[in-house]
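The values are calculated or read from the model by the stated rules, or taken from the named source; none is laboratory data. Keep in mind that this is a model prediction, so the values were computed, not measured. Don't worry about glycine lacking a Cβ; one is built from the backbone with ideal geometry, like all the others, and counts go over all protein chains shown.
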Amino acid sequence: MKNIVLVGFMGSGKTTVGKLIAEQTGMPLLDMDAILVERAGKPINEIFAEDGEPYFRTMEHELAKELSETEGNIISTGGGIVLNPENIDNFEKTGLVVCLLADAKTVLDRVKHDNARPLLAGDKEQAILDILASRKHLYESIQHKIDTSGRPSPVPTAQEIIALYESNKP
Ligand code: S3P
């Protein structure tokens, strides 16, 4: 049984949508950031501050490889998973990879009260615009995409992904 792998920018709704898909399908949800926090024994912003982003990316890459060898899970990735194309290639081998897109305004609305993301410390709006611009081509290059911009509820997004998963079953 294939995995469902959710990819997309911070605040695109990967974890929320992943939880809904888990409730509806009974498939377990594996949240990569939560696993990395557990492994490191500290929150993401402390990993970034104390060990550096390259260290985080290495841990993330190793975990992506490990999870791509599992079956039947919903995997919610961190927004930077697309930075290493090998991560997506690995996930594509055993999973349906779906990218959730969201415009800068939607992302800002969803993350404005959240200070746990190290890359959005400081001027959030500017950081979102800059990082979105630098990664846009990476998110766009994923075959299955759903634009969640302005969608007030994650429910239709979860339903679309379940339908796509059903129609992609061998
Ligand atoms: C990151 C996104 C975060 C987390 C880390 C880096 C990124 O995950 O992995 O802060 O580079 O976009 P979310 O997408 O769940 O916020």
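Observations, loosely collected:
- Close pairs from the stretch 122-136: first within 12 Å of the ligand (Cβ to nearest atom), partner in a helix (DSSP H, G or I), Cβ under 6 Å, at least 6 apart: 127/120; 128/104; 128/107; 128/108; 132/104
- Inside the stretch 40-55, residues that are without any contact (Cβ under 8 Å) to a residue 24 or more places away in the chain and closer than 29 Å to residue 20 by Cβ make up a count of 3.
- Just one of the listed residues (165, 139) is within 15 Å of the ligand (Cβ to nearest atom), of a type in the set (Ser, Thr, Tyr) and not in a loop (DSSP other than H, G, I, E, B), and it is 139.
- Residues of the stretch 106-120 that turn out to be loosely packed, with under 15 Cβ neighbours inside 10 Å and near the ligand (Cβ under 10 Å from one of its atoms), as a count: 2
- When 46, 86 are checked against the criterion of being farther than 15 Å from residue 118 by Cα, surrounded by fewer than 19 Cβ atoms within 10 Å (Cβ to Cβ) and acidic (Asp, Glu), a single residue qualifies: 86.
- Yes/no for residue 19 being within 16 Å of the ligand (Cβ to nearest atom), in a loop (DSSP other than H, G, I, E, B) and at pLDDT 95 or above: no
- Residue 11 at pLDDT below 95 and not aliphatic (A, V, I, L, M): yes
- The one condition in (1) assigned to a helix (DSSP H, G or I); (2) in contact (Cβ under 8 Å) with a residue 24 or more places away in the chain; (3) within 12 Å of the ligand (Cβ to nearest atom); (4) among the β-branched types (Val, Ile, Thr) that residue 7 fails to fulfil: (1)
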